[in-house]
Amino acid sequence: METDSLILGVWTDGTGPNASIRFENDSIYNVDLFEMAKYELTGDSLTIYYEDDLFKSKINKLDNDSLIYVSRFGETKMWKFKD
């Protein structure tokens, strides 16, 4: 399965009872901020083009239910959200 399709879906980092983000084909929706932004996934690099910020990270793990990436904010672990 290609990395591009593995990232699609709804993800949570466990900080609350709801999902955190939703990756679509060309955009990401941040549930907490009610914000949508374009993103690029190239190899192990994830770049999100927020209106006021350019977010860059390196993906350490991406599979059917796990997403781990490192950015200037440190390591983030996410898993597919199941309601």
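The Cα atoms of the chain give a gyration tensor whose axes a ≥ b ≥ c have a/c under 1.5, which makes the shape rounded. Taking 0.36 nm per residue of separation and subtracting the Cα-Cα distance, full extension of the segment from residue 26 to residue 4 would add 6.9 nm.
Each Lys and Arg Cβ is given +1 and each Asp and Glu Cβ -1; about its Cα centre, the chain then shows a dipole of about 260 debye. Placing pseudo-labels 7 Å out from each Cα toward the beta carbon at residue 79 and residue 51 gives an inter-label distance of 3.4 nm.
The aspartates and glutamates within cross-link reach of residue 80, meaning a Cα-to-Cα straight distance under 12 Å and a gap of 8 or more places when in the same chain, are 13, 63, 65.
With helices as the sole contributors, the chain gives -500 deg cm²/dmol at 222 nm; each DSSP H run of n ≥ 4 counts as -39500 (n - 2.57), and the sum is divided by every residue.
Remark on residue 81: its backbone amide H falls under 5 Å from those of 10, 11, 12, a criterion applied only to residues 5 or more positions apart or on other chains, H modelled at 1.01 Å from N.
A straight Cα-to-Cα reach below 16 Å connects residue 38 with the lysines 56, residues fewer than 8 places away in its own chain not being considered. Couplings for segment 7-22, taken from phi via the Karplus curve 6.51 cos²θ - 1.76 cosθ + 1.60 with θ = phi - 60°, read 7, 5, x, 9, 10, 9, 10, x, 7, x, x, 9, 5, 9, 9, 10 Hz in order; Gly and Pro are left as x. Taking a spot 7 Å from the Cα of residue 15 along the direction of its beta carbon, which residues of segment 60-83 have an amide N less than 20 Å from it? Only 60-61, 66-83 pass the distance filter. Put in order of Cβ neighbour count within 10 Å, fewest first, the listed residues 22, 72 become 72, 22. Applying the Karplus relation 6.51 cos²θ - 1.76 cosθ + 1.60 with θ = phi - 60° to segment 46-58 yields 3J(HN,Hα) values of 10, 10, 10, 9, 5, 4, 10, 7, 10, 9, 10, 8, 10 Hz, where x marks Gly and Pro. For the chain, chymotrypsin sites (Phe, Trp or Tyr not before Pro) are listed when DSSP marks them as loop and at most 11 other Cβ atoms sit within 10 Å of their Cβ; the list is 34, 73.
Any read-out appearing in this document is the output of simple, stated calculations on the displayed coordinates, not a laboratory observation. Here the structure is a predicted model, which means the values were calculated and not measured. So basically every Cβ, Gly included, is an ideal-geometry build from the backbone, and we count neighbours across all protein chains shown.
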